[in-house]
1. Just check the stretch 121-224 against the gyration tensor rule for me: Cα atoms, a ≥ b ≥ c as the square roots of the eigenvalues, rounded for a/c under 1.5, and otherwise prolate or oblate depending on whether a/b exceeds b/c.
2. State the answer as a single residue: which of MET281, PHE203, GLY71 lies farthest towards the positive end of the charge dipole of the chain, with beta carbon charges of +1 for Lys and Arg and -1 for Asp and Glu, about the Cα centre.
3. Which of LYS150/LYS305; LYS64/LYS333; LYS150/LYS351; LYS197/LYS226; LYS198/LYS353 have a Cα-Cα distance over 25 Å?
4. Would you please classify the overall shape of the stretch 262-396 from the alpha carbon gyration tensor, given that a ≥ b ≥ c denote the square roots of the eigenvalues, rounded means a/c under 1.5, and beyond that prolate means a/b larger than b/c while oblate covers the rest?
5. By the scheme Lys and Arg +1, Asp and Glu -1, what is the net charge of all other residues having a beta-carbon under 14 Å from that of ASP229?
6. Please list ARG249, ARG154 from largest to smallest accessible area, probe radius 1.4 Å, with all protein chains kept in place.
7. Each residue of the stretch 309-315 in order: what ³J(HN,Hα) in whole Hz does its phi give by Karplus 6.51 cos²θ - 1.76 cosθ + 1.60, θ = phi - 60°, with x for Gly and Pro?
8. Dimensions of the chain along principal axes (Cα, Å, largest first)?
Amino acid sequence: MKNGITRRLLLVSAAVAPILSLSPALSAAAYAADTIRLGLVAPMSGPNARYGAFSMHGAELAVKDINAAGGINGQQIELFNADSQGTPVEGVSATRRLIDQDEVDFVIGDVSSSVTLAMQPVAEDAEVLLLNAASSNPKITYQAGVGGFKWTFRNYPTDENRALVVAKYAAEQRGFTKFAVLSVDSDYGRSAITFTKKYLPDFKGEILSEDYYKEGEVDFRSVLAKIRDNGAQAIIMYGLADTTPIVARQMLELGLAGKVVLIGNGEFNTEKTIKSAPKAMEGAVEAAAWLPQFDSPASKAFVEKFTATYKEAPNNHAYVHWDTVNLLAHAIKEAGSADRNAVREALSKIKYKSPVGEVTFDDHNQARLPMILLQIENGKPSIKGAYTAEIQYPAN
């Protein structure tokens with residue numbers, strides 16, 4: 001094996017023992033050389049480690065099931081992970097380690113858009129397929145496919161999709177026209193607001209105040225007080241899951257609960273978040289790539305199996321990494337081999353049936369995916385429908 005014992009490696013195979021028993025001369029090393037080597041870059045430490053853990057568990061579960069069913073075209077998957085720590089510098093180092101030391105042919109990553117953007121040229125130079133499962137900055141796909149980076153694909157909606165869906169629903173279904181911004185100070189948070197501004201005028205909406213918070217920040221009272229006094233009907237928040245409950249509780253303190261609604265994306269739908277401040281979360285509007293409550297047999301089966309395996313319900317990051325491993329497996333099967341060029345070509349033409357809907361890719365290697373829109377009603381997420389938005393790319 002080429003990887004060290006200190007590197008976390010998953011090789012789950014019900015077929016290993018029978019294959020090795022066929023010939024005493026067939027060593028474990030020889031078997032490993034015939035596997036499909038898949039790398040995962042995610043934040044395993046730092047403030048976003050929670051996302052990394054869910055991402056890894058989702059990918060592990062998919063690999064385990066694929067290998068137990070006989071693998072892909074007779075090959076098993078080896079899954080290697082590398083810690084990005086949620087920063088571009090570490091993400092680049094992690095990607096290079098996977099490519100140079102572990103000799104992976106495929107990489108899934110990262111959760112953070114800024115990390116994924118930094119990973120793109122590394123994957124391009126190495127001609128290793130980078131399949132993104134959780135970053136939403138539109139720049140990733142502006143630069144992919146015909147945009148330049150032909151080895152980058154993304155199986156996740158963009159901030160532009162999300163911003164349009166949320167803004168349209170907030171204006172047309174809720175009647176909101178006055179908004180305040182409280183978003184995370186990152187590529188993700190700022191990009192989402194940039195695209196919200198692009199579409200709000202179409203719905204006669206205006207932003208009355210605009211504020212951004214740093215990771216780890218815990219006191220939002222001064223910003224919330226300003227929002228309380230400026231007449232905003234909704235707070236546009238694209239942020240971190242751990243921050244949403246803090247904001248919600250402080251909304252209660254300052255009298256905003258029940259008067260000003262959260263819209264955007266920050267895991268508003270989780271039981272933990274809703275219970276943190278039910279009155280503040282009531283009416284919150286969120287667009288998500290996936291929800292545990294989504295009503296399809298495949299989605300429900302995933303939730304049940306993940307919960308039984310890891311003793312907790314999956315979040316969005318667990319699902320999208322599980323689904324992306326399955327998407328890649330389908331592409332390798334369609335290609336007839338794990339040859340990088342063949343798999344890249346197969347992905348560009350694929351029609352993959354995911355638990356949410358059919359996935360195809362446009363000429364920027366961006367998946368066309370429906371987004372699920374929900375609203376918190378009576379303390380529970382209520383799905384309002386699935387919406388697809390075709391990206392309008394800027395001129396190259």
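The values are calculated or read from the model by the stated rules, or taken from the named source; none is laboratory data. The structure displayed is predicted, hence computed values, not measured ones. Cβ placement follows ideal geometry from the backbone for every residue including glycine, while neighbour counts extend to all protein chains displayed. For accessibility, only protein heavy atoms count, side chains too; no ligands or nucleic acids. Shrake-Rupley method; radii C 1.70, N 1.55, O 1.52, S 1.80 Å.
1. Values: a/c = 3.15, a/b = 1.69, b/c = 1.86.
In terms of gyration-tensor shape, oblate.
2. My answer, from the dipole projection, is MET281.
3. Numbers: LYS150/LYS305 35 Å; LYS64/LYS333 17 Å; LYS150/LYS351 19 Å; LYS197/LYS226 20 Å; LYS198/LYS353 32 Å.
Among LYS150/LYS305; LYS64/LYS333; LYS150/LYS351; LYS197/LYS226; LYS198/LYS353, the Cα-Cα distance tops 25 Å for LYS150/LYS305; LYS198/LYS353.
4. On the way: a/c = 2.82, a/b = 1.61, b/c = 1.75.
Cα axes put the stretch 262-396 in the oblate bin.
5. Working: positive: LYS178, ARG221, LYS226, ARG228, LYS259; negative: ASP211.
Summing Lys/Arg as +1 and Asp/Glu as -1 gives +4.
6. Details: ARG249 110, ARG154 0 Å².
Result of the area sort, largest leading: ARG249, ARG154.
7. After applying 6.51 cos²θ - 1.76 cosθ + 1.60, I find 6, 10, 6, 7, 6, x, 9 Hz.
8. Taking max minus min along each principal axis of the Cα atoms, the chain gives 76, 46, 38 Å.
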